[in-house]
Amino acid sequence: MQDLKNTQYFTVEKEPELQVKDVLRVVYQSLSEKGYNPVNQIVGYIMSGDPTYITSHNNARSLIMKVERDELVEEILKSYISNGSWN
């Protein structure tokens with residue numbers, strides 16, 4: 001019989017969260033491995049929101065869907081500017 005006078009604790013370990021740049025790296029690599037043009041596919045996904053632009057290889061589709069599309073654009077733009085490619 002359970003002791004109903006005490007509260008039991010249950011903890012769930014959180015998965016380590018990937019940063020947006022890590023998600024983009026995995027997705028880019030996965031698309032390349034499958035023979036797709038990664039830039040075209042990622043742009044197609046960002047513009048349309050249709051996850052079928054992203055391969056499910058290496059869980060890339062699930063990963064990219066965990067990130068908001070505006071966060072993807074922000075990360076790409078920050079990287080572009082910080083690498084001096086803006087000039």
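Just so you know, all these numbers are worked out from the coordinates, no wet-lab data involved. As the structure is a prediction and not an experimental result, all values here were calculated from the model. When we count neighbours, we look across all protein chains shown, and the Cβ atoms used for this are built from the backbone with ideal geometry, even at glycine.
Structure data summary
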quantity	calculated
Sparse-neighbourhood loop sites, trypsin sites (Lys or Arg not before Pro) in region 30-87 - DSSP loop, at most 16 other Cβ within 10 angstrom	Lys34, Lys66
Of the chymotrypsin sites (Phe, Trp or Tyr not before Pro) in the chain, those whose Cβ has at most 15 other Cβ within 10 Å and which sit in DSSP loop	Tyr9, Phe10, Trp86
Contact order relative to length of the chain, as percent, for alpha carbon pairs under 8 angstrom and 6 or more apart	26 percent
At R0 = 25 Å, FRET efficiency that the Cβ-Cβ distance of Arg25 and Ser48 yields, to 0.05	0.70
Sparse-neighbourhood loop sites, GluC sites (Glu not before Pro) in region 1-61 - DSSP loop, at most 10 other Cβ within 10 angstrom	Glu13, Glu17
Hits among lysines - C-alpha to C-alpha of Lys66 under 26 Å, sequence gap 8 or more where chains match	Lys14, Lys21, Lys34, Lys78
Residues of region 27-62 with amide N under 15 Å of a point placed 7 Å along Cα→Cβ from Val73	42-50
Estimated D of the chain in µm² per second, where Rh is the Kirkwood radius over Cα pairs and Stokes-Einstein applies at 4 °C, 1.567 mPa s	86 µm²/s
